[in-house]
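Pasting a structure below so you can have a look.
Read-outs: derived from the displayed coordinates by stated rules, not from any lab. All values derive from a computational prediction rather than experimental measurement. Glycine also receives a Cβ, built like all others from the backbone with ideal geometry; neighbour counts cover every protein chain displayed.
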Amino acid sequence: PASARPEADGDVSVGGVSLAEAADRFGTPVYVLDEEEVRERCRAYRTAFPEADVVYAAKAFLSRAVVHWVMEEGLGLDVCSAGELSLAVTTGFPPEKIVMHGNAKSPEDLHAAVRLGVGRIVVDSTSEIARLAAAVPAGTRQQVMVRVVPGIAAGGHAKVRTGTDDQKFGLSITDGSAQHAVARVLGRPGLELVGLHCHIGSQIATAKPYVAAVRRMVGLMARIRRQHGVALPQLDIGGGHAIAYRPGEESLNIGVLAGRIRAELEDGCARADLPVPRLTLEPGRAIVGPAGVAVYRVLAVKRTGEHTFVAVDGGMSDNPRPALYGVRYAPRLVGRPSSAAPRLVTVVGRHCEAGDVLADGVPLPGDVRPGDLLAVPAAGAYHLSMASGYNLVGRPPVVAVSDGRARVLVRRESLDDMSRRDIGL
Ligand code: LLP
């Protein structure tokens, strides 16, 4: 986090709270979230995109406090299940500022969205259009966007590239299914088509693919106007903005992004003689990712012929990203000073798989030993939201830090929590 400060005693503080003290007080592993940084990141988006709707992608990490912060900072919310929706609405989030996504929304998802008054539902298949129309009460109208595949390859990993034709999300321009879906929605009196949506991928570090996506989307909007005589008032270009996980990695500059997108949108619309649509962005990772840090305790150090393995008390159950995407992190020693020469080590988790590896060939002080604390930066997004109950170790707590104070947002999962759903013999 931006507020991380190295202390003279080898410790690091975040939001004015010592990570070693947090580890002692709340146990390890613990996820520390810098509230001010989350808020600051929300504000940075609003400053860079004053003319747009910025909606936070809840899948990155959701808790009641985060819902509240995002609401106070004036953002909307992107949800993709009745579960995320319900958490948000029962925390007091205004439903009209919520966008609902999903390539396979269940009947429960659609009914909850309509019943709770979600602002916009993004339809992702033609069959969904009929199901949604049937769920809308007679005499009312649901605002809808169509998710379009603009045909652009971008994104940090094959598993998070969603802008090209051969993947499960959205409706293709190339084969005409996007145009077909638009006509279908326009033909349903209970649905009001307010715009188009695309999300080309995640962990994208440059503005270029977004500019290309805007160009394609404006092209489609122009075609829709020619064909149907409607100028759609909104364009949602999704999220996907990259953050740095390790020193030297690039993050996406949102000021540059804003300038490039605005220019493309204005030029494109002027050329096509279209009114400029209102823009929506859906950042998730870039809002919470850099604001989080995971703190683990070292349980074992093992030297084999080739490697030094440093094993910590968490792993792929609280952070599945290395196992899923092959990505690596940059842990560092906190809580004590060390002047030992650095040694390249492999930091591994506690789970029963050889692939439970957090970091490979990272330098840690040569005297790293059991009992030490390791802090992992950029842990705020897609760690706990994708956490599992593997090996029944229990999900770690989330602690918010702000102005030198720490408070638990989500408590540690207990053995009781984990066994509650097991009905017994
Ligand atoms: N909008 C839509 C429709 C999305 O599907 C996503 C992410 C976002 C917005 C937010 O993207 P972001 O700004 O957070 O990149 N688990 C993967 C990332 C999966 C992203 C899924 N969709 C990871 O850990 O890298």
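Which value in nm describes the separation of the simple spin-label points at ALA354 and LEU299, placed 7 Å from the Cα toward the beta carbon?
My value for the distance between the label points is 2.0 nm.
Anything over 22 Å Cα to Cα? Flag those among LYS59/LYS105; LYS159/LYS208; LYS105/LYS208; LYS97/LYS159; LYS97/LYS208, in the order listed.
From the list (LYS59/LYS105; LYS159/LYS208; LYS105/LYS208; LYS97/LYS159; LYS97/LYS208), the Cα-Cα distance tops 22 Å for LYS105/LYS208; LYS97/LYS159; LYS97/LYS208.
Obtain the nm distance between the two label points defined at ALA263 and ALA158 by a simple spin-label model: each point lies 7 Å from its Cα along the Cα-to-C-beta direction.
Modelled inter-label distance: 3.5 nm.
Neighbouring Cβ atoms within 10 Å as the yardstick, rank ASP166, ASP34 fewest first.
Arranged by neighbour count, lowest to highest, ASP166, ASP34 become ASP166, ASP34.
Oh, and also: Eigenvalues of the Cα gyration tensor times 5, then square-rooted: what semi-axes does that give for region 55-154, in whole angstrom, largest first?
For region 55-154, the semi-axes come out at 22, 18, 11 Å.
Here is a follow-up. Compute the angle between helix 208-228 and the longest alpha-carbon principal axis of the chain, please, reported from 0 to 90 degrees and rounded to the nearest 10.
20
If I fit a long axis through the Cα atoms of helix 126-135 and take the longest principal axis of the Cα atoms of the chain, what angle between them do I get, 0 to 90°, rounded to 10?
80
Let's test this: bin the Cα-Cα distances of region 1-100 at 5 Å from zero up to the farthest pair and state each bin's percent.
All Cα pairs, binned at 5 Å, distribute as 2, 12, 20, 17, 16, 13, 11, 6, 2, 0 percent.
Based on the Cβ-Cβ distance from GLN143 to ARG421, what FRET efficiency comes out when R0 is 30 Å, to the nearest 0.05?
Taking R0 as 30 Å, the efficiency between GLN143 and ARG421 is 0.25.
Using only Cα atoms, what Kirkwood radius does the chain have, in angstroms?
22.8
Still on this structure, I have one more. With just the Cα atoms defining each centre, how far is region 383-415 from region 75-124? Give it in Å.
24
Using mean Cβ contacts within 10 Å as the protection proxy, how do 364-376, 41-53 order, highest first?
Working: 364-376: 18.9, 41-53: 17.1.
Ranking the peptides 364-376, 41-53 by packing returns 364-376, 41-53.
Determine the percent antiparallel among the DSSP beta bridges restricted to region 35-287, to the nearest 5.
Roughly 5 percent of the DSSP beta bridges within region 35-287 come out antiparallel.
Divide by every residue of the chain the summed helix terms, -39500 (n - 2.57) for each DSSP H run of at least 4, and state the resulting mean residue ellipticity at 222 nm, rounded to the nearest 500 deg cm²/dmol.
Helix contribution divided over all residues of the chain: -8500 deg cm²/dmol.
If you stretched the chain out fully between ASP166 and ARG5, how much longer would it get, using 0.36 nm times the residue separation minus the C-alpha to C-alpha distance?
Gain in length upon complete extension: 53.5 nm.
What distance in nm separates the two pseudo spin-label positions at ALA134 and ALA231, each 7 Å out from Cα along the beta-carbon direction?
3.7
Please work out whether region 35-287 counts as rounded, prolate or oblate from its C-alpha gyration tensor, where a ≥ b ≥ c are the square roots of the eigenvalues and a/c under 1.5 means rounded, while otherwise a/b larger than b/c means prolate and anything else oblate?
oblate
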